[in-house]
Each structure stands twice: as C-alpha cells, then as structure tokens.
Amino acid sequence: MAARRKLKNISEIRRFFHRFEEPVYFVSATNFNLLGLDEWVKNFKYVSYIDCYDGQHPNVFCPSEQPHAEFQSIEDINNYLLQHKEVIDHVERRGGKPKFIFLMFDEKTEALAKELGAKVWFPKAKLRNRIDNKIETVRIGNKAKVPSVPNALSIIEDYAQLIKVAEKAKLGKDLVLQSAYGDSGHTTFFIKSEADFRKHQHDIVGHGEIKVMKRINCRGAAIEACATKQGTIVGPLMTELVGFGELTPYRGGWCGNEIFANAFSTKVRDKARDYTFAFGEQLRKEGYRGYFELDFLVDTKTRDIFLGELNPRITGASSMTNHAAFAHADAPLALFHLLEFSDVPFDIDIAELNARWADPENIDSWCQMVVKHTDDSIDRITEAPETGIWRMREDGSIAFDRFDYHRRAVSSDREAFFLRILKKGDYRYEGADLGILVTRGRAMTDRFSLTERSRRWIDGIRAHYAAEPLAGLVPVELPDHQFKIL
C-alpha cells in the first residue's frame, strides 16, 4: 500500500478531515465535550446515552432505554452503549473501519470496541489509569520540572500520623488532602483539625498514598493540550468556576470555565503554557499521546503557579477550547488528537502554532456554567427547559427563543445556549446535572465571584424546572453516583 502523503500545513489538515471517509464516533453520556466537532470531520457521529436534543440533532444517535445495572461511572455508561443492539446495528450498518473516542473508558470498553471491529483512538486504558493517579501526576510533574503546591506523599493511618507527615515536610497544620483518583469535588479534603479529619477519615485511611498539601489561597485555572509526534500543542489558559453554591453542592467542585484574552497576568499565562508544554513532552516519554488537560493553582498572594491535576482525556473544558476564535481560524485542538491517531504523517511548525494561539487577539470571550441540583432533596421533574438559545429580558428573566445545537448561534451576552441534561420524567437529586449554560462574556468578576448577569442566568434556567415530590409516587431506586457525566 502506498504511503500516505505528509500533511504540511493547517489547510491540508482541514481538507484531510473534510474528506475523511472512515466513521468516527464519540461515545459518551452526552455529546457536550466535543460539541461541534462533527462539522469538522466527515462521517463523525455521536453515540449518546442522554438525548439532549429531543431527536433534532442530525449527528446524535441515542438508542432506546434498555434494562441495565445501576451506573457507577462513565465507563459503565459507555460499556452499556457498546453492548446495546441498536448501537451495534447502527455501527455495522454504517460500515467502514470504525474509530471510537471516549471521555472515559476502561479495559472492558477496549474489548467491546474490538468485538465491533473498531479502534480506540486514545492511549491504552491501563496507561491512562496509571497517569491519572494524582500521586503519579506529582511525580511526572517533578520529572518535567513543573512544581506542585508544597506537599508530601504518604499513606495516612490516623490524624496524629498526618500531623507528623505535615511537620516533617513543613506544611503547617492547615492542610488539603487528595486521594489518588476521583473528581476534585469528591476527593479533596480540607483538614485543619482532628474533627475535620474524622469527618473524612473513611475517604482517607485505607486509600493508599495521599497527597498532603500546604493550604494556599489560590485561583483555579485550566489549560488543554495535545501531545503529538511533532510536539505538544497548547491551548489558552482558562479560569475555572469552582465550588459556587449557586451551581454545585460540592465544595471544591468544578462547575464551569471562562475563556478570555487576559485571563490572569501575561507572566502567569506564559508560565502556564511553558509548564504545559514541558508536561506534555514528559507525557510523550511516559508513552502517552493525544489530548490532555492540566489544572493549575495560582497563589493569590505570590502569583506563583502550581500544578494541580492532570486529566489525560477530553474534559468538561474541551467545549471552551475547541470553540475559541483561534480554533475556528486554524483547527480545533481535538482535530490534532484525531490526526495523531490517524497515522497520517504531518509536519507543521508547533512553536509557531503555539505562539499564534497565545496571541490575545486570537482569543474571544466566552463562559460556561454547569448547573447542578444543589438541594438535599429528591423529586421527579415535571417540566424542563429545552435545549437551544435562550434570551434574557430587560427585567432579568429569561425565555426560550429558538432551537439550535450550535453555541455559536449565541449573538450577544443577552443570549445563552442551554444544553439540557435532565428532562421531564427524570429524577432530580443532590448533585444531578441539570444542564450547561454557555454565553458570551464572563461569568465571574475580577475578584472571582459570580457576576449579577451569571446569577440571573442561573436563577432563570432553574425557574424553568418544575418537579413533584416523591410522596405518593411508586418508590424507585435512584442513582447515587459520585462521578461527573461531563
């Protein structure tokens, strides 16, 4: 077979995917993370568990609900989908040599994909699982000379031993602990007393090595990148919305992002990009390639920047990165991930591309807010807002304007794209994802509090949900998952 011609510039890469003949599927709970990528890649389809669009999205396939065990993870959702007869028939009917990408997957997912004759366009689950360990992230960062918040890595047996570990590492007594795996809202513990430790003891003791950190006053930041054979391509630094009670019941829980030209100082942005590039190059040495995201912590007093977490995957911030102005001018970051796994040779100037993407002129201002059910209650939804474009009236209330599945259809900061997750008939419980609001402009002030406009959007969309209490209803077994579906 003749060798494929090397792609030498962005135009050739874009044309290659516009003519791509092999079917590519993003399989996940929703299509949110790679929203819009179907417009860049011919034969790109979404296989989703939740139909956010009531059947109106031409490239989203949602099979009918079948009996299944309670989902404990996104991997369980994907494994259910790959075993669903309607999904199998859909993939086989479209033919070709299918390629699968996922938000999350495990070794069972890989085996199911193989049974369908498909390739998983990500590094092996075993490797992803190893480097996804928060303890391993610190060690990889150390190799790449990317500093973490002053910390000690240790198995913790009780509070007295924790204090000894902290004293030896000169971390003080006001501590932040993280276990190896899990979302930050569920596995990050703030410990400044023995009472705090007792409250979280069952999540700390017996969970292997724990990351024990000095507590700092910080702001969260996120940056996405793609490790390719030509080098690491780095996106812009985004601010993170974390722990806002209007959006999430989880202290320290991620609940959105902002992207805008001057997020943080030039010095912080440049340092974050340098650290991300160095970390990506170290990931390549570890055997990992493709899409990843780093969370950084910016000390509000010293402006020092520290490595927070690694997500070796597409993430909840990916929609922000892949819809920014620079992405439309060149190509979405996710397209380079597909290119890396297509085995098509390419030779582009990574340094020049990274410099262009760092230019504030190429970054426009958007924000997203993930709206969860924050009350400690359970009920059943009787009314739910539609997916599409919503408009804010002069009095601050909001109303549905028109259906759309493009966030770019938002024309001003008085409009927002809402992607509905929970629909009529679903059960609403603490921590359940109601939907995602995406709008132009910023969600937070420079002091990292929600703007009045953001609060109006959040209150407005909540007002369009109605629910009935469970009293008198037939008892049902409700999900009690501790994972993000986004």
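Screening Phe71 with (1) in a helix (DSSP H, G or I); (2) crowded, with 16+ Cβ neighbours inside 10 Å; (3) not hydroxyl-bearing (Ser, Thr, Tyr) gives one miss only, at (1). Consider the range 215-255 and keep the residues that are of a type in the set (Val, Ile, Thr) and not in a strand (DSSP E or B). The one that is nearest to Ile350 (Cα to Cα) is Ile216. Residues in the range 132-165 that are free of Cβ contacts under 8 Å to residues at least 60 places away in the same chain and in a strand (DSSP E or B) were compared, and the one that is surrounded by the fewest Cβ atoms within 10 Å (Cβ to Cβ) is Ile155.
Of everything in the range 432-465 that's aromatic (Phe, Trp, Tyr) and more than 15 Å from Thr239 (Cα to Cα), which residue is surrounded by the most Cβ atoms within 10 Å (Cβ to Cβ)?
Trp457
Applying the set (1) in contact with a Gly (Cβ under 8 Å, 6 or more places away or on another chain); (2) open to solvent by 50 Å² or more (accessible area, probe 1.4 Å) to Lys199 leaves exactly one unmet item: (1). Looking at the structure I just gave you, is Glu258 within 24 Å of Asn133 (Cα to Cα) and either in a helix (DSSP H, G or I) or touching a residue at least 40 places away in the same chain (Cβ under 8 Å) (or both)? It is false that Glu258 is within 24 Å of Asn133 (Cα to Cα) and either in a helix (DSSP H, G or I) or touching a residue at least 40 places away in the same chain (Cβ under 8 Å) (or both). Within the range 384-396, being open to solvent by less than 40 Å² (accessible area, probe 1.4 Å) and either farther than 20 Å from Arg428 by Cβ or part of a strand (DSSP E or B) (or both) holds for Gly388, Ile389, Trp390, Met392, Gly396.
Annotation note: of Leu450, Leu473, the sole residue that is at pLDDT 95 or above and either out of contact with any His (no Cβ under 6 Å at 6 or more places or on another chain) or closer than 30 Å to Leu37 by Cα (or both) is Leu450.
When we screen Tyr25, Tyr49, Tyr80 for residues that are farther than 22 Å from Lys424 by Cβ and in contact with a strand residue (DSSP E or B) (Cβ under 8 Å, 6 or more places away or on another chain), the only hit is Tyr25.
A single member of Gly252, Gly256, Gly245, Gly287 is of a type outside the set (Ser, Thr, Tyr) and surrounded by 21 or more Cβ atoms within 10 Å (Cβ to Cβ), and it is Gly256.
Residues of the range 97-118 include at least one that is in contact (Cβ under 8 Å) with a residue 60 or more places away in the chain, in a loop (DSSP other than H, G, I, E, B), open to solvent by 10 Å² or more (accessible area, probe 1.4 Å) and under 19 Å from Leu35 (Cβ atoms). In the range 55-64, the condition of being outside any loop (DSSP other than H, G, I, E, B) and open to solvent by 20 Å² or more (accessible area, probe 1.4 Å) is met by at least one residue.
Going residue by residue through the range 8-19, is there one that turns out to be within 27 Å of Glu92 (Cβ to Cβ), at pLDDT 95 or above and part of a loop (DSSP other than H, G, I, E, B)?
For the range 8-19, residues within 27 Å of Glu92 (Cβ to Cβ), at pLDDT 95 or above and part of a loop (DSSP other than H, G, I, E, B): present.
Residue count for the range 120-131 under the criterion of being in contact (Cβ under 8 Å) with a residue 24 or more places away in the chain and either out of contact with any helix residue (DSSP H, G or I) (no Cβ under 6 Å at 6 or more places or on another chain) or small (Gly, Ala, Ser) (or both): the result is 5. Whenever a residue of the range 206-223 is open to solvent by 30 Å² or more (accessible area, probe 1.4 Å), its partners that are among the small types (Gly, Ala, Ser), lying with C-beta atoms within less than 6 angstrom and at least six residues away or across chains, give the pairs His207/Ser179; Gly208/Ala180; Lys214/Gly172. Among the residues of the range 168-184, none qualifies, meaning not one is of a type in the set (A, V, I, L, M, F, W, C), surrounded by fewer than 16 Cβ atoms within 10 Å (Cβ to Cβ) and in a strand (DSSP E or B). If you check Trp366 against the conditions, is it within 19 Å of the chain's Cα centre (by Cα) and aromatic (Phe, Trp, Tyr)? So Trp366 passes the test.
Scanning the range 204-214 for residues that are assigned to a strand (DSSP E or B) and among the β-branched types (Val, Ile, Thr), we see that the one that is nearest to Ser449 (Cα to Cα) is Val212. All of Gly388, Gly308 fail the test of being of a type outside the set (Phe, Trp, Tyr), free of Cβ contacts under 8 Å to residues at least 60 places away in the same chain and under 28 Å from Pro249 (Cβ atoms), apart from Gly388.
The values are calculated or read from the model by the stated rules, or taken from the named source; none is laboratory data. Everything quoted here is computed from the prediction, not taken from an experiment. Every residue, glycine among them, receives a Cβ derived from its backbone with ideal geometry; neighbour counts consider all protein chains shown. Just so you know, the surface numbers come from the protein's heavy atoms only, side chains and all, with ligands and any DNA or RNA stripped out. Shrake-Rupley method; radii C 1.70, N 1.55, O 1.52, S 1.80 Å.
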